[in-house]
Ligand SMILES: [Zn+2]
């Protein structure tokens, strides 16, 4: 049997080999200038505000000129080469879907195709140049270094999207093995699958675990406390869903490591990641983030909550310019104690559909329900469905009988929605989620009906 000291020496050597040799070679063979961008981003994160702004303006001018010259779709949409950036109309996923054919870049120039999962309806096909991919990967690499981690740190990726695991061939497995990473597909979130997944993770012993926060929460809740201690993680990276404060606290306490929030969209790119201080820093060398008023599209000042609109400064060929991500957020001017000068996305509140409404039509964010259910640890899973403005259904899967706490739970929910709203609480053995779709524990069926 190998000693732990021997193991950690070997694993440290392996990490170094991947970070210094295998990964740069892999990127080079794929034609991605990732190491070039990593060096730039390592310096740029300490640039002054003015220097960063100059850099962004230069990158933006080049992107706008190229887009206007090569894309008939944008020439028509803009009417003229915009002198004022804020004159450019905001675009969204539906518009890009509608004009998919016109937006297709010449594939012989080395563009890679991708598509979004279509969890909100139709999938969107998008295209990325080698430079855009390299900048995204370099930015993620830089962010790992904020936590003394590196490419090559043993990583487990727990993913529900079929986009990854349907294309996960023996070649990918071989590549991932060399890079010290492994994909763990999860099809359905139920007791049996979560037990099997946890057993596989303990056997693999990753240092970094990357997944949806809702999946991780279920992995922990459906496995015993003693078993959880068998995982010795250095960090958890969450993405694809909003990381709610209560979920973050719960994961950090049980997994005994930092839980790092990151924010991005497949079609738009890597937008922001939390630093060791917990602030979401925007990848501002490559991404312009604005907050706009949802109804008028007017830009809101710092400190105001509104729709997030992004411009990917390396999105040549398939431009992402003033693209509404569908998420709600707020920018802040404050400086972070971590020393990184990149601007901060102070609030990130998920999709508009993450809100339910009370009797006075006031929005209630799903974080509020997460906080309520934290007071009922006997509930493993829950889902709140708003059928109408006056009818709410709460589905609960408790560990044991909820009868003693039922009254208290109903009282809390009633307080949230108002006395005139009819609330029905139903219990069942387990809620089975489809992991292909981002797990949403609130469902606003009124909004769904409106969008049909
Ligand atoms: Zn920071």
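The values are calculated or read from the model by the stated rules, or taken from the named source; none is laboratory data. Quick caveat, the model's predicted, so the values are computed rather than measured. With ideal geometry, Cβ positions are generated from the backbone for all residues, glycine too; neighbour counts draw on all protein chains shown.
Observations on the model:
- Residues located in region 253-309, provided they are under 16 Å from residue 236 (Cα atoms), away from the ligand (no atom under 16 Å from the Cβ) and touching a residue at least 12 places away in the same chain (Cβ under 8 Å): 254, 255, 256, 257
- Test: residue 69 is part of a helix (DSSP H, G or I), more than 27 Å from residue 97 (Cα to Cα) and free of Cβ contacts under 8 Å to residues at least 60 places away in the same chain: no
- A single member of 342, 402, 375 is in contact with a helix residue (DSSP H, G or I) (Cβ under 9 Å, 6 or more places away or on another chain) and within 16 Å of the ligand (Cβ to nearest atom), and it is 342.
- Residue 390 away from the ligand (no atom under 16 Å from the Cβ) and over 25 Å from the mean Cα position of the chain (by Cα): yes
- The condition of being over 28 Å from residue 100 (Cα atoms) and crowded, with 21+ Cβ neighbours inside 10 Å holds for only one of 335, 348, 356, 313, that being 356.
- Matching entry among 262, 332 (being in the same structural domain as residue 73 (by TED's automatic domain parsing), closer than 30 Å to residue 380 by Cα and touching a strand residue (DSSP E or B) at 6+ places or on another chain (Cβ under 7 Å)): 262
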